[in-house]
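Accompanying notes for the structure given below.
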Amino acid sequence: MIKSMTGYGRHREVIDGRDILCEVKSVNSRYLDTNIKLGRAYAALEDKVKQFAASRVARGKMDIYISIDNIAGDDNGLSVNEKFLESYVALLREIKEKYSLGGDVTIQTVAGRNEVFVQTRPDEDTEAAGRALVQVMEKAFDSFTAMREAEGEKLEADLLSHLEVLEELRAKIAERAPISVKENNDKMKARIKELLEGAEYDEARLLTECAVFADKADISEELARLGSHFSQFRKILCENVPVGRKLDFLVQEMNREVNTIGSKCNDGDIARCVIDAKSYVEKIREQIQNIE
């Protein structure tokens, strides 16, 4: 099954006191290009995220956003910023005496100042966080892959419909080719006889020239290779591996054969088929740019 390089996936879950969010999206790219947004406290997990992404995706420009919030508060502590508190209380008393102010410094006075208290949090266990993160990424990438596969099914249907048209055009060219060669040979003979106006000429030489022309206009090899490319294209679509690069190369070969057929044939019907074929080859080429 082919996959599109365009997709989006998201999953959020609380695991072992950590609220973890993973979002992943991707667009076309010749290679795998991963951009990760991860909090500084968890920077050590970036390589793990890259390795995980590389195990699930072969090509595409990926943006991965990860948020990890440790919401387990049991291990959090609160302490007093004694230096600040001492300076703060001393300054208040100094102001009271200097300006003869009433009132006392009470617990209510200092409790309203955030600077008095310091919240402490133990160092994060990055290994445990990494294990939890992988669980969330697996589910986010599952939805991401499902979307890419759904897009891939649509692409495959379009590609096969274009390929069927190309096969029909090839069949028309194959049917018309021998007729075109005979017609051109007949025209050549008639024209030569007309130019000679009854004069003697070497019939064998004329037949040789017609044979040379027929050989130059022969497109049987190109048609055979084109048919082989079509068959190979269908087989590649059934492979359960990334096939974008293979298809891209194969389409280049299709285009080469179609161009050669067009340059060899001096026939209006075949020329029209060649123009249509080049159009459909280009449609296929554009679509496979989005295949992994």
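The values are calculated or read from the model by the stated rules, or taken from the named source; none is laboratory data. For clarity, every value in this text was computed on a predicted model and none was experimentally measured. All Cβ positions, glycine included, derive from the backbone under ideal geometry; neighbour counts span all protein chains shown.
General remarks:
- Only one of 49, 14 that is more than 18 Å from residue 151 (Cβ to Cβ) and surrounded by fewer than 15 Cβ atoms within 10 Å (Cβ to Cβ): 14
- Qualifying residue in segment 242-255 (condition: farther than 23 Å from residue 32 by Cα and either surrounded by fewer than 18 Cβ atoms within 10 Å (Cβ to Cβ) or over 29 Å from the mean Cα position of the chain (by Cα) (or both)): yes
- In segment 257-274, the residues that are assigned to a helix (DSSP H, G or I) and in contact with a helix residue (DSSP H, G or I) (Cβ under 8 Å, 6 or more places away or on another chain): 257, 258, 259, 260, 261, 262, 264, 269, 270, 271, 273, 274
- Pairing residues of segment 256-267 that are farther than 14 Å from residue 227 by Cα with residues that are not in a helix (DSSP H, G or I) and not aromatic (Phe, Trp, Tyr), at Cβ distances under 8 Å and at least 6 apart in sequence or on separate chains, gives 260/219; 264/217; 264/218; 264/219; 265/217; 265/219; 266/217.
- Candidates 54, 44, 58, filtered to the one that is within 20 Å of residue 148 (Cα to Cα), assigned to a helix (DSSP H, G or I) and not assigned by TED's automatic domain parsing to the domain that holds residue 246: 54
- Out of 170, 131, 176, 148, sole residue that is among the charged types (D, E, K, R), surrounded by 13 or more Cβ atoms within 10 Å (Cβ to Cβ) and without any contact (Cβ under 8 Å) to a residue 40 or more places away in the chain: 131
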